[in-house]
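Just below is one structure, and these are the notes that go with it.
The values are calculated or read from the model by the stated rules, or taken from the named source; none is laboratory data. Everything numeric here is computed off the predicted structure, so don't read it as measured data. Positions of Cβ are backbone-derived with ideal geometry, glycine not excepted, and every protein chain shown enters the neighbour counts. Heads up: the accessible areas ignore ligands, DNA and RNA and are worked out on the full protein's heavy atoms, side chains in. Shrake-Rupley method; radii C 1.70, N 1.55, O 1.52, S 1.80 Å.
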Amino acid sequence: MAADESAPAAVVTAAEIARLAGVTRAAVSNWRRRHLDFPRPAAGTATSPLFALTEIQQWLDRQGKGRETSAEVDLWHELRAQYGDDPLTALGAVGAQLLGTAVEQPLAEPAAAALTALSAERGAHALYADLVERCIASTIRSGGDPMTTLALEQIVLAFTGLADDAAGASDRTIGTVYDPACGIGTLLLTAVPGAHRYGQELDPATATVAEFRARLDGRAATVACGDSLRKDAFPDLRADLVVCEPPVGVADWGRDDLLLDPRWELGVPARSESELAWVQHCYAHTAPGGRAVLVLPSSVAYRKAGRRIRAELVRRGLLACVVALPPGLMSSHSLPVHLWILRRPAQGDPAATHIRMIDLSDADPDGIGTKDGAPTPEQIADVPPVDILDDDVDLSPSRYVTPHHGDYPVEYAVLRDRVQSLARDLFDLLPELSAGPGRIEAAPVGLGDLVRGGLVDLDGTVPTSRTDQLDTDYLRGFLRSAANTRRSTTASGTLRLNASGAQVPQMDIWRQREYGEAFRRLGAFEELLREAAAIGDRVGALAYDGLTKGALLPPSATGASPGKSESQEAQEQ
């Protein structure tokens with residue numbers, strides 16, 4: 001199938017590479033570390049990189065690891081060709097065809113035919129679920145509206161019963177689930193059997209996708225369109241389980257119009273505390289004995305403007321648990337987040353005696369929510385409310401959970417050896433560059449001309465060569481020059497590739513490949529340097545903690561006298 005050449009270049013996640021090659025994600029991670037020629041990320045973030053599909057396929061073929069592209073991948077490319085960077089509209093059209101519903105922008109014939117064949121082979125629900133996963137991954141590259149990741153869904157599901165456990169209440173049957181900011185329905189459709197689901201979403205296209213997901217999954221759901229804070233579609237609903245990943249940092253959330261709203265029983269949120277408005281909205285819709293699980297920025301736990309509302313949550317025994325999660329779980333940023341788990345006490349429930357704090361900020365994101373990734377006792381602290389109700393009312397788990405190291409000397413030795421290994425690898429990766437004349441005597445060519453000539457695909461800020469006469473790494477390396485960076489930096493300091501102004505020198509392909517190899521090594525060096533920085537933070541914190549606790553000793557206190565080695569002392573004795 002021939003795709004529109006004007007469509008953005010396709011990118012794939014590490015998980016999709018694993019599917020292409022028929023291996024695990026761990027194998028892909030190993031390839032990235034061990035093979036210097038493995039393609040560099042073309043987009044995404046450090047924790048969720050995206051790779052150019054053509055480069056990955058070429059690399060897999062060179063390594064003998066490639067497999068034929070699946071019909072499902074071909075369908076996704078057809079959707080990209082028709083809808084570009086608007087995956088929600090594409091999902092809406094796919095869902096409409098699978099359900100026999102009219103839609104404003106129906107699928108073009110190639111995609112429609114591919115969808116019909118694939119849905120007959122795999123089933124409509126399974127196929128739609130996979131396309132949704134690809135859509136979530138694509139938002140990282142396109143910078144579109146945030147979407148709840150599947151990893152975060154797994155974590156929320158794992159903790160939906162934790163509020164009852166922490167508060168000492170018995171389990172309840174969950175008959176209703178409510179998500180007031182449901183997006184495409186990822187949390188709304190959490191695997192709670194037999195529940196009726198109610199969701200509300202501001203964007204009509206997004207709400208349509210959520211509704212289609214529910215219908216294709218065979219789950220009873222009512223999805224309304226609108227602003228839950230300003231115009232609540234379900235004012236009388238009291239749900240057994242409320243889940244929510246609300247929009248963050250919204251200044252105009254309707255505070256002036258909602259000053260007397262009865263939902264603010266803990267206090268009217270400040271204009272800068274929209275997240276605490278969502279917290280109270282969710283609590284207002286929680287049935288007695290039910291619970292609410294919210295995904296919130298970690299700063300909500302300690303910002304000064306929200307101190308009074310946090311204090312009321314603690315004082316009234318409504319906050320059952322706070323879970324600190326590691327970075328890399330969000331589609332729109334790589335910052336850490338918290339889960340807040342609230343309970344609405346039922347008549348006869350015992351009063352809460354503590355708030356459970358769980359610090360998983362250093363845990364493996366892929367393991368949280370699985371049986372093997374359950375919190376250990378060292379990651380949990382049950383904190384009496386009186387210990388929290390100070391001047392700050394800081395709900396950050398790291399303030400109450402003491403880091404535990406089973407064996408400081410062993411862990412420190414392992415990390416120190418890793419630092420030494422990384423230092424050698426970093427030196428090996430850094431190319432040996434000789435002195436040059438100070439300028440490149442080659443006529444420049446504009447990136448815009450290369451794109452218009454069909455020689456380069458430009459996906460956002462990431463160019464990819466479409467010809468064997470132009471090396472991709474050479475191209476990307478020169479686009480990072482100081483001159484091109486200045487042309488592409490806006491007045492606000494944002495870096496946006498200026499295709500019309502960016503230039504690269506014209507060189508023979510063999511010379512391009514020499515530069516390309518140097519740029520590839522520099523890219524691998526930068527990536528490894530980021531890993532080294534993270535490990536450096538860990539080993540430094542461990543050393544400080546171990547030294548101040550007495551679990552580690554400085555060199556002069558390990559049995560040798562100051563200024564003398566152990567062998568010297570042995571000889572003297």
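Near Leu50, the amide H atoms lying under 5 Å from its own belong to Ala42, Ala43, Gly44, Thr45; only residues 5 or more places off or on other chains count, and H is placed 1.01 Å from N.
Could you give the dipole magnitude of the stretch 236-336 about its Cα centre, charging the beta-carbon of Lys and Arg +1 and that of Asp and Glu -1, in debye to the nearest 20? Before the final figure, lay out each step's value.
On the way: 12 positive and 11 negative charges, 102 e Å.
Roughly 480 debye for the stretch 236-336.
Extension gain, Arg316 to Leu433: 0.36 nm times the residue separation minus the Cα-Cα distance gives 35.6 nm. Sequentially through the stretch 370-382, phi angles give Karplus couplings (6.51, -1.76, 1.60; θ = phi - 60°) of 9, 4, 6, x, 4, x, 8, x, 5, 9, 10, 9, 9 Hz, Gly and Pro residues having no value and appearing as x.
Close amide H partners of Leu237, meaning residues 5 or more places away or on another chain with modelled amide H under 5 Å apart, do not exist here.
3J(HN,Hα) along the stretch 83-88: 10, x, 8, 10, x, 5 Hz, from the Karplus curve 6.51 cos²θ - 1.76 cosθ + 1.60 with θ = phi - 60°, whole Hz, x for Gly and Pro. The residues of the stretch 249-308 have, on average, 39 Å² of accessible surface per residue, using a 1.4 Å probe with all protein chains present.
Rolled with a 1.4 Å probe across the full set of protein chains, the surface gives Met330 an accessible area near 20 Å². Among Gln280, Leu313, Ser299, pick out the residue whose Cα is farthest towards the positive end of the charge dipole of the stretch 268-340, where Lys and Arg carry +1 and Asp and Glu carry -1 on C-beta, about the Cα centre. About the Cα centre, the residue reaching furthest to the positive side is Leu313. Distant-in-sequence amide contacts of Tyr198, defined by a placed amide H-H separation under 5 Å and a gap of 5 or more residues or a different chain, comprise Val177, Tyr178, Asp179, Thr222.
Would you kindly state how much longer the chain becomes between Asp364 and Trp510 on full extension, computed as 0.36 nm times their sequence separation minus their alpha carbon distance, in nm to one decimal?
Details: separation 146, 0.36 × 146 = 52.56 nm, distance 4.23 nm.
Extra length available between Asp364 and Trp510 comes to 48.3 nm.
Within the same chain, aspartates and glutamates fewer than 8 places from Lys304 are excluded, and of the rest, those with a Cα less than 20 Å from its Cα are Asp252, Glu265, Glu273, Glu275, Glu312, Asp387, Asp390, Asp391, Asp392, Asp394.
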